[in-house]
1. Could you check what % of the DSSP bridge pairs in the chain are antiparallel, to the nearest 5?
2. For Tyr70, Tyr162, give the ranking by accessible area with the largest first, probe 1.4 Å.
3. For the chain, what's the relative contact order in percent, using C-alpha pairs closer than 8 Å and at least 6 residues apart?
4. What does the highest-first list of 209-222, 90-103 look like by mean Cβ count within 10 Å?
5. Once phi is turned into ³J(HN,Hα) by the Karplus curve 6.51 cos²θ - 1.76 cosθ + 1.60 with θ = phi - 60°, what whole-Hz value does each residue of the range 161-177 show in order, with x for glycine and proline?
6. List the residues whose amide H sits under 5 Å from the amide H of Ala20, counting only those 5 or more places along or on another chain, with H placed 1.01 Å from N in the peptide plane.
7. When the Karplus curve 6.51 cos²θ - 1.76 cosθ + 1.60 is applied with θ = phi - 60°, which whole-Hz ³J(HN,Hα) does each residue of the range 100-114 get, with x for Gly and Pro?
8. Taking amide H positions as placed in the peptide plane 1.01 Å from N, state which residues far from Val30 in sequence (5 or more) or on other chains have amide H under 5 Å from it.
Amino acid sequence: MTSTVPAFPSRAADGSALQAVFLDMDGTLVDTEGFWWDVEVAVFRDLGHELEESWRDIVVGGPMTRSAGYLIEATGADIALPELTTLLNDRFEERIGGGVPLMPGAARLLAELSGNSVPTALVSASHRRIIDRVLRSLGAEHFTLTVAGDEVPRTKPHPDPYLLAARRVGADPARCAVVEDTATGVAAAEAAGCRVVAVPSLAPIAPADGRVVVGSLEEVDLGFLRALITGTDRHAHRARPAG
């Protein structure tokens, strides 16, 4: 979905103002990473295969084609990738039919961004059908636009989804703040030239130049994101080692 792009906030004299905020969905705004694993386990059990817990960290955060392809190869399941992708999406859509739980701080952050007319995009590796269902819980009105994994030639960890979001809102990627929960998403955002706030969900993420790691969205607000772009001390004390 795409809506009218609101006016950008006024830039600072040096042009360093925050121009847009892009947010991942699963594991970042909604607590669904565990849902995906449960669905994968159930689908492969129906196919006669048990998934190993150690594979969970390998498939988390990636595009469905990569995750599903890995699991087919790892299990030797006799199923084609398109068929498996459909099964997983169908089962996941059933799983979230009654709504999804939001991550702590997500509702407050989205309300603050939309209330201050900050261009905000939901950028996910999930398919459009899943995003549209989750938006019922998140509130589509909070987003200027959304980008789905099946709407770009290359999804995360490639930079394409974030470059597309920046282009659609007319923003410089270097003036965009991205919030992600996985190394795959962080890699995509950083490859696009964006500044990143990492909120690790399942696997740790280390702080790095241009990247801040926090424990929860409850630590993130508009002032925090503006400081991420300007490089001021507002966010420096919040950076923490992974773990």
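1. On the way: 3 of 21 bridges.
Around 15 percent antiparallel, to the nearest 5.
2. Values: Tyr70 75, Tyr162 0 Å².
Largest accessible area first, the list is Tyr70, Tyr162.
3. Numbers: 435 pairs, mean separation 58.2, N = 243.
Over the chain, the number comes to 24 percent.
4. Details: 209-222: 16.9, 90-103: 15.4.
Ranking the peptides 209-222, 90-103 by packing returns 209-222, 90-103.
5. Along the range 161-177, the couplings run x, 6, 5, 5, 4, 5, 5, 5, 9, x, 10, 7, x, 5, 9, 10, 9 Hz.
6. Those qualifying (amide H under 5 Å, at least 5 residues apart or on another chain) are Ala177.
7. 10, x, 7, 5, x, x, 5, 4, 5, 5, 4, 5, 5, 5, 5
8. Long-range HN contacts for Val30: Met103.
The values are calculated or read from the model by the stated rules, or taken from the named source; none is laboratory data. All values derive from a computational prediction rather than experimental measurement. Using ideal geometry, Cβ is built from the backbone for each residue, glycine included, and neighbour counts are taken over all protein chains shown. Remember, those area values only see protein heavy atoms, side chains included, never the ligands or the DNA or RNA. Shrake-Rupley method; radii C 1.70, N 1.55, O 1.52, S 1.80 Å.
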